[in-house]
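The values are calculated or read from the model by the stated rules, or taken from the named source; none is laboratory data. In this text, all values refer to a predicted model and were calculated from it rather than measured experimentally. Here the Cβ is made from the backbone with ideal geometry for all residues, glycine too, and neighbour counts use every protein chain on show. Keep in mind that these areas ignore ligands, DNA and RNA; they rest on the heavy atoms of the full protein, side chains included. Shrake-Rupley method; radii C 1.70, N 1.55, O 1.52, S 1.80 Å.
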Amino acid sequence: MHSIEGVHALLGINPGTPNDEVSLAIGRAIQAAQNHPGWTDRGRLLVAARHAVQPLQNHPDREQLLLQIDSAIQNSGLSAEQWRRTNAVFAQMVNARANA
């Protein structure tokens with residue numbers, strides 16, 4: 001999976017997305033991130049996964065998914081600065097998309 005394809009798929013997750021589809025998409029994103037050699041691809045997928053799950057207050061596996069994402073982030077090899085930069089760029093993109 002190309003990281004941009006994965007990000008776009010994760011951006012489509014919303015509270016109406018079936019729970020099993022959310023869990024599957026997050027699992028695939030984490031797996032894809034682990035297989036990407038470049039930190040930008042790993043960062044994009046992991047930050048998109050985190051942003052996709054955070055607002056899903058009623059998802060029964062939300063806390064477990066967030067723990068899996070956090071573990072993948074910690075094991076990703078991303079420095080704190082790389083994570084901060086990736087997260088900031090993603091937040092700007094999501095805000096621009098919401099205001100479009």
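The calculated FRET efficiency for the pair N75 and A96, based on their C-beta separation and a Förster distance of 25 Å, comes to about 0.25. Along the range 28-43 the Karplus relation, 6.51 cos²θ - 1.76 cosθ + 1.60 evaluated at θ = phi - 60°, assigns HN-Hα couplings of 5, 5, 5, 4, 5, 4, 5, 8, 8, x, x, 5, 5, 5, 4, x Hz to successive residues, with x for each Gly and Pro. Note on the chain: with neighbouring protein chains present and a 1.4 Å probe, carbon and sulfur make up 50 percent of its accessible heavy-atom surface.
Normalised by residue number, the volume inside the convex hull of the Cα atoms of the range 56-100 is 77 Å³ per residue. In units of the compact-protein estimate 2.2 N^0.38 Å, the chain shows a Cα radius of gyration of 0.99.
Protein heavy-atom accessible surface, 1.4 Å probe, per residue over the chain: 60 Å². Once C-alpha pairs closer than 8 Å and six or more residues apart are averaged by separation and normalised to the residue number of the chain, the relative contact order reads 30 percent. In sequence order, the range 94-100 has phi-based couplings of 5, 5, 5, 5, 5, 8, 6 Hz under the Karplus curve 6.51 cos²θ - 1.76 cosθ + 1.60, θ = phi - 60°, and Gly or Pro positions carry x.
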